[in-house]
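Engineer: Just passing along the structure, written as structure tokens.
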Amino acid sequence: EVQLVQSGAEVKKPGESLMLSCKGSGYRFTKYWIGWVRQMPGKGLEWIGILYPGDSDTRYSPSFQGQVTMSADNSIGTAYLHWSSLKASDTALYYCARSLAVPGTGWFDSWGQGTLVTVSS
Amino acid sequence: QSVLTQPPSASGTPGQGVTISCSGSSSNIGTNTVNWYQQLPGTAPKLLIYSNNQRPSGVPDRFSGSKSGASASLAISGLQSEDEADYYCAAWDDSLNAYVFGGGTKLTVL
């Protein structure tokens, strides 16, 4: 069974760093893209970017370029989303999701359960 | 404002049919395929339709998708109470070089 299991909820202060994780199982981790999606409180879905663990190819949404960093550790089948300095506006639910096809042609066929990030002083 | 435009809400009674629209442009829906996601309250999104009109295994055939030009639609027939959810269309945008979502449509089953 394909599963994406995300790390637990986080409460952080502005300016702090944060790394979220997303562990894939039940499939060949390096053969699928992993995307990240933000959902702010009461709002819709926003695409942050996508990473191909097989060769570390990454694509960022212009809205998130420079704000976050995506990475992966293939040895443990886990993808990461990292902030070096959080803002209150980063408060949201973050999902990871899997896509087989290259960006532009694919879709997210399996999703993690989401990680709630709260940034408050 | 979302790049893809959806009505914020839709409703129907059990057994009825409902259609949710998704309007885009030549740089997204007009060129690339459309996917639809269903988000039940308090849960992660789930793939409902891919490549304009394909249903993943396990999705009832009450759900169907279509695309014409720079617009797409999701049709749900025989509404059931468990269909009450938020529905999002999505497509790649060649100009933004990004995957874009519609703003979402909240479906209420009266």
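The values are calculated or read from the model by the stated rules, or taken from the named source; none is laboratory data. All values derive from a computational prediction rather than experimental measurement. Note: ideal-geometry Cβ built from the backbone for every residue, glycine included; neighbour counts use all protein chains shown. Accessible surface is based on the protein model in full, side chains and every heavy atom, while ligands, DNA and RNA are left aside. Shrake-Rupley method; radii C 1.70, N 1.55, O 1.52, S 1.80 Å.
Engineer: Within the range B:62-89, take every residue that is outside any strand (DSSP E or B) and farther than 19 Å from B:Val109 by Cβ and give me the one that is nearest to the other protein chains (Cβ to nearest Cβ).
Structural biologist: Among residues in the range B:62-89 that are outside any strand (DSSP E or B) and farther than 19 Å from B:Val109 by Cβ, the one nearest to the other protein chains (Cβ to nearest Cβ) is B:Ala70.
Engineer: Hey, among the residues in the range A:1-19 that are under 20 Å from A:Gly77 (Cα atoms) and either away from chain B (no Cβ under 14 Å) or of a type in the set (Phe, Trp, Tyr) (or both), which one's least open to solvent (accessible area, probe 1.4 Å)? First the steps, then the outcome.
Structural biologist: Looking only at the range A:1-19, we keep the residues that are under 20 Å from A:Gly77 (Cα atoms), and these are A:1-8, A:18-19.
When the remaining residues are screened for being either away from chain B (no Cβ under 14 Å) or of a type in the set (Phe, Trp, Tyr) (or both), the result is A:7-8, A:18-19.
Working: A:Ser7: 28, A:Gly8: 48, A:Leu18: 8, A:Met19: 96 Å².
Ranking the candidates gives A:Leu18 first.
Engineer: Right, something else. Taking the condition of being of a type outside the set (Gly, Ala, Ser), more than 21 Å from B:Arg62 (Cβ to Cβ) and either more than 8 Å from chain A (Cβ to nearest Cβ) or open to solvent by 40 Å² or more (accessible area, probe 1.4 Å) (or both), how many residues in the range B:90-110 meet it?
Structural biologist: Just the residues of the range B:90-110 that are of a type outside the set (Gly, Ala, Ser), to begin with: B:92-94, B:96-97, B:99-101, B:105-110.
Still in the list and also more than 21 Å from B:Arg62 (Cβ to Cβ): B:92-94, B:96-97, B:99-101.
Adding the requirement that they be either more than 8 Å from chain A (Cβ to nearest Cβ) or open to solvent by 40 Å² or more (accessible area, probe 1.4 Å) (or both) leaves B:93-94, B:96-97.
Selection size over the range B:90-110: 4.
Engineer: Could you grab me the full set of residues in the range A:100-113 that are surrounded by 20 or more Cβ atoms within 10 Å (Cβ to Cβ) and in contact (Cβ under 8 Å) with a residue 24 or more places away in the chain? Before the answer, list the steps.
Structural biologist: Residues of the range A:100-113 surrounded by 20 or more Cβ atoms within 10 Å (Cβ to Cβ): A:106-108, A:110-112.
Within the range A:100-113, A:Gly106, A:Phe108, A:Ser110, A:Trp111, A:Gly112 meet the criteria.
Engineer: A further question on this structure: Tell me yes or no: at least one residue of the range B:47-56 is away from chain A (no Cβ under 11 Å), out of contact with any strand residue (DSSP E or B) (no Cβ under 6 Å at 6 or more places or on another chain) and in a strand (DSSP E or B).
Structural biologist: no
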